[in-house]
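Worksheet: the structure to be examined is printed underneath.
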Amino acid sequence: MSTATEIRVPDIGDFTDVPVIEILVAVGDTVGVEDPLVTLESDKATMEIPAPAAGVITQLRVAIGDRVSEGSVLLLMEGDADGAGGGTSAPAATSAPAADGAGGGTSAPAPTDAPLPRPPAPAPSADADHHADVVVLGAGPGGYTAAFRAADLGLKVMLVERYERLGGVCLNVGCIPSKTLLHAARVIAEAEEMAAHGISFGTPVVDVEALQGWKESVVAKLTGGLAGLAARRNVEVLTGAGRFTGANVLTVGEETVSFDHCIIAAGSEAATLPDLPDDPRIVDSTGALALAEVPKRMLVIGCGIVGLEMATVYDALGSKITLVEVLDALIHGCDPDLVRPLHRRIAGRYAEIMLSTRVRSVTASEEGVAVEFDGERQGVFDAVLVAVGRRPNGGLIGADTAGVVVDERGFIPVDAQMRTNVAHIYAIGDIVGGPMLAHKASHEGKVAAEVIAGVAGAAFDPRAIPSVAYTDPEIAWMGLSETEAAARGIEVEKAVFPWAASGRALSLGRDEGLTKLLFEPGTRRLLGAGMVGVNAGELIAETVHAIELGADAEDLALTIHPHPTLSETVGFAAEMAEGTITDLLPPRKRR
Ligand code: FAD
């Protein structure tokens, strides 16, 4: 065809108003089907929008920094693009920067109900060294949960893990060690805060070796516990890197393992930036969790959750923190009113916060790591944390040999029962995209195990997956956010309770928080919630429960919360919606 066709942003799940961070084509370029055209980046995902058909680019309609949603026109193309109806095929989520979810940051299209094309299952290999009903590849929170649930449902299970210790990223180099160090940070911050109220403890003396030892002991206790739980369930653990050599066989080192079903739970690894010098002072999150000393000046590249959590730790331990983020907000995509109290607090503590700023170069020398930023700014640091998201491991396990589709970024598409395109092979956790969070991985693991065991109705169909930034203050949200509602034109009724009116928040000396609930107008059903303040990560759970039960504002307002607690702020926010609040003036009288 010779007329130009508009290429629009296809369905990109829950993401709206997402910035264009890269334009991968120019006018005059000839592109093939699925060639990437532009890269979009939300707080949780970096997505390449592929060409729906072959053709020649005739006009670009977006520039870097423009914000787009489903249906926005990206460019014009001549060629076969008409065949795609002017849209594009599904985007590929990638592993690049972003707010790294709770450390993840990358997300792929969520599991879909649409059937995936599936080849017939081949017969199991008869001459393998081991055979199991279910082989689980990877022992992170997704993998060990799947293995244990499958064993509890009566299946013979083998769990393959390349490292000696079970638990994956979460237990070894993610959630658990980071939260252990964050607890230390919280204790230091609380002691510091009390100085203004008559109790001074003096400057803390930090024994990094002892602190690291404590963190290690927590990790060891949990990972050791997993080994015990595996043994008691007769889950056989095979240590070594697994790789598919066929649709029913894996090699693990020298050994072969055949299976009737496999659950791929091989997770993700830290993404990095190109052209970084190989220098021990430049670390990813794993390195930052293991630093042997507290750096005087620390640069954190990437202001997603992982970067900000590690900044919280090192700020409390005494580092002067500089933050740099290519996007225009901390935890990009999170509602600005939730991020504001955190931004305000750290702006007063950190050396500098650079938003909408790219790192131009990084050079290591004896004096430190010299970094150049946009705008000819520069700095020298004793440590640099690169926290620019995570990339899935789908391309590293020989999945294609088993016929499993892996997208070009390493994600494995699955349906709501966690099945890949190969009917007896499932995938769960970070490797399938969606928010890269441990609780999502473990729930998906249970679903995969139950589907294999034939449990009726097993499917991954949550109403909400909560996200928490364990910063100071903490930020937590779930379900529909205000930003997303606005971008998608969804009308919501908003109720906010400021923590300045919470007795408990005041008694903690931390009244900067807020609790926000979003309801469906008319029914007042809970659609989403967000909180910022100390312990927000604990409080969000009540709202997740409420949304799963289909609760409305009245249900939450009539729930008697213990006094004085921060949990009351959920009830109070609902009372604000109901107009029954007495601890503040009601926004408007409803009844
Ligand atoms: P993983 O935990 O990545 O486990 C995959 C396992 O597979 C690994 O053990 C790996 O060694 C193994 N493996 C990979 N390839 C092979 C192979 N070929 N053969 C054998 N084994 C293989 N999430 C939260 O929900 N809350 C948090 O507070 C939180 N904090 C985080 C903090 C940090 C610093 C980081 C980095 C992440 C954090 N996360 C958090 C994210 C969370 O850790 C992940 O979402 C979660 O671990 C994903 O679980 P998984 O089972 O999919 O994969």
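The values are calculated or read from the model by the stated rules, or taken from the named source; none is laboratory data. These figures come from a predicted structure and were not determined experimentally. Quick reminder, even Gly has a Cβ in these numbers, built from the backbone with ideal geometry, and neighbours come from all protein chains shown. Areas reflect the complete protein model, heavy atoms only, side chains present, ligands, DNA and RNA absent. Shrake-Rupley method; radii C 1.70, N 1.55, O 1.52, S 1.80 Å.
Numbers for the structure displayed
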{"quantity": "For the range 440-510 versus the range 313-375, the gap between their alpha-carbon centres in whole angstrom", "calculated": "26"}
{"quantity": "Mean Cα-pair separation over length for the chain, i.e. relative contact order, pairs under 8 Å, 6 or more apart, %", "calculated": "15"}
{"quantity": "Taking the range 234-365 and dividing mean pair separation by its residue count, relative contact order in percent (alpha carbons under 8 Å, at least six apart)", "calculated": "19"}
{"quantity": "Mean-position separation - Cα centroids, the range 528-573 and the range 179-213, in angstrom", "calculated": "29"}
{"quantity": "The chain - mean residue ellipticity at 222 nm from DSSP helices (-39,500 (n - 2.57) per run, n ≥ 4, rounded to 500)", "calculated": "-8000 deg cm²/dmol"}
{"quantity": "Highest-first arrangement of 202-213, 300-311, 19-30, where packing means the average Cβ count within 10 Å", "calculated": "300-311, 19-30, 202-213"}
{"quantity": "Net dipole in debye of the chain [+1 Lys, Arg Cβ; -1 Asp, Glu Cβ; about Cα centre; nearest 20]", "calculated": "1220"}
{"quantity": "Amide H partners (placed H, <5 Å) of Ala53, local residues excluded", "calculated": "Glu34"}
{"quantity": "Accessible area per residue, Å², the range 459-549 with all protein chains present, probe 1.4 Å", "calculated": "39"}
{"quantity": "Long-range amide H partners of Arg360 with built H, under 5 Å", "calculated": "Glu372, Phe373, Asp374"}
{"quantity": "Point-to-point label distance, Asp279-Lys296, nm (Cα→Cβ direction, 7 Å offset)", "calculated": "1.5"}
{"quantity": "Euclidean distance of C-alpha centroids, the range 382-414 and the range 216-269, integer Å", "calculated": "18"}
{"quantity": "Under Karplus coefficients 6.51, -1.76 and 1.60, residue-wise ³J(HN,Hα) of the range 409-416 in Hz, glycine/proline x", "calculated": "9, x, 7, 10, x, 9, 9, 5"}
{"quantity": "Net charge of neighbours whose Cβ lies under 10 Å from the Cβ of Arg409, counting Lys and Arg as +1 and Asp and Glu as -1", "calculated": "-2"}
{"quantity": "³J(HN,Hα) computed for each position of the range 364-377 - Karplus, 6.51 cos²θ - 1.76 cosθ + 1.60, integer Hz, glycine/proline x", "calculated": "9, 9, 4, 6, x, 9, 8, 10, 9, 10, 3, x, 6, 8"}
{"quantity": "With every protein chain in place, the chain: carbon and sulfur % of accessible area (1.4 Å)", "calculated": "53"}
{"quantity": "Which of Leu480, Val468, Val205, positive extreme of dipole for the chain (C-beta unit charges)", "calculated": "Val205"}
{"quantity": "Rough spin-label spacing in nm, given labels placed 7 Å along Cα→Cβ, for Asp583 and Val208", "calculated": "4.2"}
{"quantity": "Relative packing of 480-486, 557-563, which averages over residues the other C-beta atoms within 10 Å, highest first", "calculated": "480-486, 557-563"}
{"quantity": "Integer Hz, Karplus 6.51/-1.76/1.60 couplings in order for the range 548-560, x for Gly and Pro", "calculated": "5, 8, x, 5, 10, 4, 5, 4, 6, 5, 8, 6, 7"}
